[in-house]
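The values are calculated or read from the model by the stated rules, or taken from the named source; none is laboratory data. Since this is a predicted model, take the numbers as computed values, not measurements. No Cβ is skipped: glycine too gets one built from the backbone with ideal geometry, and neighbour counts run over all protein chains shown. Note: accessible area is taken over every heavy atom of the protein model, side chains too, but ligands, DNA and RNA are not part of it. Shrake-Rupley method; radii C 1.70, N 1.55, O 1.52, S 1.80 Å.
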Amino acid sequence: MLQLKNVCTSAGNFSVEDVNLTVLPGSCHVLLGGTGNGKTVILETIAGLRPTKRGEIWNNGREISHAVPEKREISYVPQDLALFPHLTVKQNILYAQRFKKNKNNVSRSLDEIVKYLNLEPVLSRTVQNLSGGERQRVALARAFMTGHKIMLLDEPFSALHYTMRRSLWELLLDMQKRYHLAVLMVTHDLEEAHVLADYVSVLHQGQVLQSGTRDEVF
């Protein structure tokens, strides 16, 4: 479970103030709002890429507000995916293993995830030779390989055409339930939020205006 308690942070002159939210295991909590309202800033703060000015961030009962990113046990898929163009698909997926002390059963985990995401045919390719949908699946696979139970997704499907987005929505919902993940996802797409969210927080100018179940907020 991920919890934010009165979290305040900033990016330049822009501030995010007193954000409170909880992401339950096996659920998807969507941060909904237009561009420039602080959604990405919040994800970067949770991931440890921006400092927390005030407030607390908790991961399953452990405060991580000031922990370095690799110690937070949170997977983060940024909007640009941050895949390494000089590495193969397999090398990209396994990249997170560099930070794990226990590397037992890596092959079994890789085989399971690659098969589930249908990436076997492209494992030896570089990411430059992939379609948009394939890149998205590689980014998700790399995040899943960490074994973390909390995942942050920053508009992961915004650059894809509608049919591909629908397909990946179904895949994400299935994987979220299969691995019992707590997913915090950013989007400005109302349909995407309605399909994926169990809970929704509406963000405007750095503040949460409303938070509740999907049906309550909609």
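Restricting the first residue to segment 198-211 and requiring it to be touching a residue at least 40 places away in the same chain (Cβ under 8 Å) and among the aromatic types (F, W, Y), which pairs with a second residue that is surrounded by 14 or more Cβ atoms within 10 Å (Cβ to Cβ) and part of a strand (DSSP E or B) meet a Cβ separation below 6 Å and a spacing of at least six or different chains?
As it stands, the answer is Y199/H29, since those pairs meet every condition given.
L43 passes all but one of (1) surrounded by fewer than 18 Cβ atoms within 10 Å (Cβ to Cβ); (2) closer than 13 Å to E155 by Cα; (3) in contact with a Leu (Cβ under 8 Å, 6 or more places away or on another chain); which number fails?
Failing condition for L43: (1).
Assess whether S109 counts as being touching a Gly at 6+ places or on another chain (Cβ under 9 Å), open to solvent by 20 Å² or more (accessible area, probe 1.4 Å) and modelled with pLDDT under 95. Break it down into steps so the answer makes sense when it comes.
Working: touching a Gly at 6+ places or on another chain (Cβ under 9 Å): yes; open to solvent by 20 Å² or more (accessible area, probe 1.4 Å): yes; modelled with pLDDT under 95: yes.
Considered against the rule, which asks whether it is touching a Gly at 6+ places or on another chain (Cβ under 9 Å), open to solvent by 20 Å² or more (accessible area, probe 1.4 Å) and modelled with pLDDT under 95, S109 comes out as yes.
Could you give me the residue pairs with C-beta distances under 7 Å whose first residue belongs to segment 163-177 and is farther than 21 Å from E112 by Cβ, whose second residue is outside any helix (DSSP H, G or I) and not aliphatic (A, V, I, L, M) wherever it lies, and which are 6+ apart or on separate chains?
Once the first residue is farther than 21 Å from E112 by Cβ and sits in segment 163-177, its partners that are outside any helix (DSSP H, G or I) and not aliphatic (A, V, I, L, M) give R165/F157.
Considering only residues of segment 112-127 that are under 21 Å from the mean Cα position of the chain (by Cα) and open to solvent by less than 40 Å² (accessible area, probe 1.4 Å), which is nearest to E170 (Cα to Cα)?
In this case the residue turns out to be L117.
What number of residues within segment 85-99 satisfy the criterion of being in a loop (DSSP other than H, G, I, E, B) and either at pLDDT 95 or above or open to solvent by less than 60 Å² (accessible area, probe 1.4 Å) (or both)? Show your work before the answer.
Going residue by residue through segment 85-99, those that are in a loop (DSSP other than H, G, I, E, B) are 85-87.
Now restrict to residues that are either at pLDDT 95 or above or open to solvent by less than 60 Å² (accessible area, probe 1.4 Å) (or both): 87.
Residues that pass the stated criteria total 1.
Residues being of a type in the set (D, E) and over 13 Å from the mean Cα position of the chain (by Cα): count how many of those fall in segment 32-50.
Taking segment 32-50 as the starting set, the residues that turn out to be of a type in the set (D, E) are 44.
This time we only want the ones that are over 13 Å from the mean Cα position of the chain (by Cα), so: none.
Summing the residues that are of a type in the set (D, E) and over 13 Å from the mean Cα position of the chain (by Cα) in segment 32-50 gives 0.
Which one of these is of a type in the set (V, I, T) and assigned to a helix (DSSP H, G or I): V195, V183?
On the way: V183 fails: assigned to a helix (DSSP H, G or I).
Only one candidate passes the filter, namely V195.
Can you find even one residue in segment 207-217 that is open to solvent by less than 10 Å² (accessible area, probe 1.4 Å) and not charged (D, E, K, R)?
Taking segment 207-217 as the starting set, the residues that turn out to be open to solvent by less than 10 Å² (accessible area, probe 1.4 Å) are none.
No, there is no match, as no residue in segment 207-217 is open to solvent by less than 10 Å² (accessible area, probe 1.4 Å) and not charged (D, E, K, R).
Scanning segment 156-181 for residues that are more than 16 Å from the chain's Cα centre (by Cα) and among the hydroxyl-bearing types (S, T, Y), which turns out least open to solvent (accessible area, probe 1.4 Å)?
S167
Of all residues in segment 4-21, how many are in contact (Cβ under 8 Å) with a residue 60 or more places away in the chain, open to solvent by less than 60 Å² (accessible area, probe 1.4 Å) and within 29 Å of Q176 (Cα to Cα)?
Residues that pass the stated criteria total 3.
Only one of (1) open to solvent by 60 Å² or more (accessible area, probe 1.4 Å); (2) within 15 Å of M151 (Cα to Cα); (3) modelled with pLDDT of 95 or more; (4) of a type in the set (S, T, N, Q) fails for Q79. Which number is that?
Condition not satisfied by Q79: (3).
Determine which single condition T40 fails, assuming it passes every other condition in (1) without any contact (Cβ under 8 Å) to a residue 60 or more places away in the chain; (2) under 30 Å from R125 (Cβ atoms); (3) polar (S, T, N, Q).
So T40 meets the others, but not (1).
Select from segment 182-206 the residues that are in contact with a helix residue (DSSP H, G or I) (Cβ under 7 Å, 6 or more places away or on another chain) and either open to solvent by 70 Å² or more (accessible area, probe 1.4 Å) or farther than 25 Å from G36 by Cβ (or both) and list them in ascending order.
Residues satisfying the conditions are H194, D198, Y199.
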